[in-house]
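Engineer: Here you go, one structure.
The values are calculated or read from the model by the stated rules, or taken from the named source; none is laboratory data. Note that this is a predicted model, so its numbers are computed, not measured. All Cβ positions, glycine included, derive from the backbone under ideal geometry; neighbour counts span all protein chains shown.
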Amino acid sequence: MTARMKTIAMGVTLIVTSGMLFAADEVQHPCAQLRNDTERLACYDQAFGKPAAAAAAAAAAPNEQFGFTEKELARSTGQSAASAAPESVTAAITSVVRRHDGKFVVALDNAQVWAQSEFNSQADVEIGDSVTVRRGALGSYLLVTKGKIGTRVKRVK
């Protein structure tokens with residue numbers, strides 16, 4: 001057998017072998033057959049385990065996720081909002097910053113940061129005050145002061 005024939009034979013063997021590998025790749029995992037996204041993800045998680053980041057995000061307390069929109073949560077954690085998210089969070093103010101437009105930004109002792117989003121509010125806050133942030137209408141959030149005065153806020157952090 002000449003060197004040229006050996007090269008051709010090796011090439012044919014390589015093509016046949018790669019074709020077998022390609023055919024093996026076409027065999028799908030049983031989870032791929034599931035049409036429902038949630039069921040398919042659960043199947044893959046059960047078969048291969050959850051990625052560390054997803055497991056950590058799923059284990060996060062619902063209070064840590066409170067105040068973020070579903071899009072913001074999906075962007076930062078890769079998951080949607082927990083359906084069992086609380087309706088409100090109560091915490092003490094650790095810092096208050098007044099912006100140039102008169103609105104305030106408060107940091108709470110649970111590591112959340114909220115910015116006032118409405119003008120002409122009578123809400124007054126000070127460091128140490130206990131406040132409650134609750135869900136408002138149409139996806140908004142309302143910070144209720146110790147004097148029971150509410151003002152619309154948006155979660156910053």
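Engineer: Which numbered condition trips up GLU70, out of (1) out of contact with any helix residue (DSSP H, G or I) (no Cβ under 8 Å at 6 or more places or on another chain); (2) modelled with pLDDT of 75 or more?
Structural biologist: Status for GLU70: all satisfied but (2).
Engineer: Give me the pairs: first residue in the range 38-58 and of a type in the set (Asp, Glu), second residue assigned to a helix (DSSP H, G or I) and at pLDDT below 75, beta-carbon distance under 6 Å, and six or more apart or on different chains, which are they?
Structural biologist: Matching pairs, first to second residue: none at all.
Engineer: I've got another one for you. State which residue is nearest to the chain's Cα centre (by Cα) when the search covers only the range 137-148 and only residues that are within 17 Å of ALA91 (Cβ to Cβ) and in a loop (DSSP other than H, G, I, E, B).
Structural biologist: THR145
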